[in-house]
1. Mind listing just one residue for me: the one in the range 88-102 that is crowded, with 20+ Cβ neighbours inside 10 Å and assigned to a loop (DSSP other than H, G, I, E, B) and, of those, nearest to ligand 2 (Cβ to nearest atom)?
2. Can we say Arg85 is touching a strand residue (DSSP E or B) at 6+ places or on another chain (Cβ under 8 Å), in a helix (DSSP H, G or I) and surrounded by 18 or more Cβ atoms within 10 Å (Cβ to Cβ)?
3. Which one of Ala69, Ala39, Ala34 is within 16 Å of ligand 1 (Cβ to nearest atom) and either aromatic (Phe, Trp, Tyr) or touching a residue at least 60 places away in the same chain (Cβ under 8 Å) (or both)?
4. Out of the residues in the range 188-216 that are closer than 22 Å to Gly90 by Cα, touching a residue at least 40 places away in the same chain (Cβ under 8 Å) and within 16 Å of ligand 1 (Cβ to nearest atom), state the one that is surrounded by the fewest Cβ atoms within 10 Å (Cβ to Cβ).
5. Restricted to the range 188-211, and to residues that are outside any strand (DSSP E or B), within 14 Å of the chain's Cα centre (by Cα) and of a type outside the set (S, T, N, Q), which residue is farthest from Ser49 (Cα to Cα)?
6. Are any residues in the range 15-55 within 13 Å of ligand 2 (Cβ to nearest atom), touching a strand residue (DSSP E or B) at 6+ places or on another chain (Cβ under 7 Å) and part of a loop (DSSP other than H, G, I, E, B), and if so, which ones?
7. Could you identify the single residue in Gly56, Gly70, Gly64, Gly47 that is surrounded by 19 or more Cβ atoms within 10 Å (Cβ to Cβ) and over 13 Å from the mean Cα position of the chain (by Cα)?
8. Scan (1) of a type outside the set (A, V, I, L, M); (2) buried (at least 18 other Cβ atoms within 10 Å of the Cβ); (3) over 18 Å from the mean Cα position of the chain (by Cα); (4) not in a loop (DSSP other than H, G, I, E, B) for the single condition Arg151 breaks and write down its number.
Amino acid sequence: MSEVVIEARGLAKTYREGKLVTPVFEDLQLAVAAGETVAILGPSGAGKSTLLHLLGGLDTPSAGEVYVAGHRMSGLSDAERGALRNRSLGFVYQFHHLLPEFTALENVMLPVMLANRGIPEARNRAQALLEAVGLGHRLGHKPGELSGGERQRTAVARALVNRPACVLGDEPTGNLDEKTAAKVFGMMLELNREQGTSLVMVTHDRGLARRMDRVLELHDGRLREWVDEDD
Ligand SMILES: Nc1ncnc2c1ncn2[C@@H]1O[C@H](COP(=O)(O)OP(=O)(O)O)[C@@H](O)[C@H]1O
Ligand SMILES: [Mg+2]
């Protein structure tokens with residue numbers, strides 16, 4: 001059996017704020033193999049972002065466990081969890097979340113520097129990845145000086161720069177026009193193939209989802225294999 005990079009066992013989430021109780025799902029199971037690409041479809045409000053946050057250790061489940069690279073997230077201290085996240089996971093969101101005051105190169109260097117690998121290595125890796133995503137000519141541009149697609153490609157480079165075992169994407173191309181979305185997505189698949197990075201991606205785009213190894217649907221608190229009615 002191939003190595004599992006990220007796993008959810010019996011995962012449940014209920015948001016509680018005062019008297020407001022919002023059950024989102026209970027008892028979800030998911031195992032993502034090394035190098036595997038998984039799409040997650042589902043209607044708005046189904047809990048897709050919640051699931052990704054839990055998988056990424058950005059929020060804590062109400063029940064169940066998440067394992068990242070074999071480490072049980074709830075068994076780690078905040079510092080250990082942060083270090084594991086920085087080392088093993090990359091995140092890409094619908095909005096790029098790049099730091100506006102920094103150049104594309106500096107934004108991509110940052111996670112490498114946070115991993116204490118030093119400036120020369122950070123610069124080398126960041127530059128190589130920005131070149132790989134077709135932005136070798138935009139290294140010195142700040143986010144405000146880049147197009148939407150260029151910003152998203154920079155965010156993808158940043159997510160991949162520490163060579164994570166798995167990239168978690170929450171509608172990473174949802175904010176782009178169809179052509180640019182296809183291009184950014186194609187690039188993520190290419191980096192998946194080249195670097196063996198697993199990819200878990202929430203998307204509304206069934207066409208993009210079909211290009212992943214596995215397509216799941218989160219609906220009514222359940223995560224199931226998606227049945228493609230066009231097949
Ligand atoms: N911080 C929160 N507090 C309370 N309810 C929340 C919170 N975040 C999300 N929810 C609720 O949980 C449900 C799932 O949200 P979300 O995971 O964002 O869905 P999706 O990403 O599939 O659109 C929604 O009904 C939403 O209103
Ligand atoms: Mg969402």
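Bear in mind these aren't lab numbers, they're just calculated from the coordinates by the rules spelled out. Please read all numbers here as calculations on a predicted model, not as lab measurements. As a convention, Cβ positions derive from the backbone with ideal geometry for all residues, glycine included, and neighbour counts pool all protein chains shown.
1. Among those that are crowded, with 20+ Cβ neighbours inside 10 Å and assigned to a loop (DSSP other than H, G, I, E, B), it is His96.
2. yes
3. Ala39
4. His204
5. Of everything passing the filter in the range 188-211, Leu191 is farthest from Ser49 (Cα to Cα).
6. Matches in the range 15-55: Gly42, Pro43, Ala46, Gly47.
7. Selected residue: Gly47, the only one of Gly56, Gly70, Gly64, Gly47 that is surrounded by 19 or more Cβ atoms within 10 Å (Cβ to Cβ) and over 13 Å from the mean Cα position of the chain (by Cα).
8. Result: Arg151 passes all but (3).
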